[in-house]
Amino acid sequence: MLYKIAQKVYDFGVKNTPKILPYISSLIYLEIMYLAFILFLVFGRSVAICFVLILTVIYSFQIINLSKKNNFARKIQIWIFDIHLASGIVFFICAIFMPNMFTGYSAWYFLFKIMSVSIEIPLLYFLTLDDVREQYL
């Protein structure tokens, strides 16, 4: 029984990962907006706007290449998810051990991090499978 459920999840992930990856990857734009806020506080408006604009354009090309099933874009997305997952873990640890730094804005960001990390972990697994790798050019 459990094997059948695991096999269905595996088949669903292998079949649909290339289809849903560009949509899930667009959640990183929320991270870019959060980065814009931090850059604005630290460096000012001009630097924040320029850096975030460049980053957004580059990441837009990344998502376009993911939708075209480009293998190099898949490898870059694995790297991006890996870095994002590591930063999410650091954010969780800081939120747990330093609750006085946890504000209302951080609570929404914390919920977003939980959601994105819970989506990225299975996607990282499926993106590294040979069956999914074969679907990319």
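All of the numbers you see were taken from the coordinates with simple rules; none came from a lab. Since the structure is predicted, the reported quantities are computational estimates derived from the model, not experimental observations. Positions of Cβ are backbone-derived with ideal geometry, glycine not excepted, and every protein chain shown enters the neighbour counts.
With 28 Å as the limit, the listed pairs 15/113; 4/113; 4/68 have 4/113; 4/68 beyond it between alpha carbons.
Among the trypsin sites (Lys or Arg not before Pro) in segment 25-79, those located in a DSSP loop and surrounded by at most 14 other Cβ atoms within 10 Å of their own Cβ are 68.
Here the label points at residue 61 and residue 129, each 7 Å from Cα along the C-beta direction, are separated by 3.1 nm in the simple model.
Of the options [x] 26.5; [y] 15.8; [z] 16.6, only one is Kirkwood radius over Cα pairs in Å as computed from these coordinates, and that is [z].
Residue 76 sits among other residues whose Cβ lies under 15 Å from its own Cβ, and their net charge, with Lys and Arg +1 and Asp and Glu -1, is +3.
Name all residues of segment 42-86 having a backbone nitrogen under 17 Å from the label point set 7 Å from the Cα of residue 96 along its Cα→Cβ direction, giving them as ranges. It comes to 85-86, nothing else. Need one word for segment 45-91: rounded, prolate or oblate. Basis is the Cα gyration tensor (sqrt eigenvalues a ≥ b ≥ c); a/c below 1.5 gives rounded, then a/b vs b/c decides. Verdict is oblate for segment 45-91.
Calculated mean residue ellipticity, 222 nm, the chain: -29500 deg cm²/dmol, from DSSP H runs (n ≥ 4) at -39500 (n - 2.57) each, averaged per residue and rounded to 500.
Within the same chain, aspartates and glutamates fewer than 8 places from residue 69 are excluded, and of the rest, those with a Cα less than 14 Å from its Cα are 131, 134.
Taking other Cβ atoms within 10 Å as a rough exposure proxy, 11, 130 sort from fewest to most as 130, 11.
Taken as Cα centroids, segment 7-50 and segment 78-137 sit 10 Å apart, rounded to the nearest whole angstrom.
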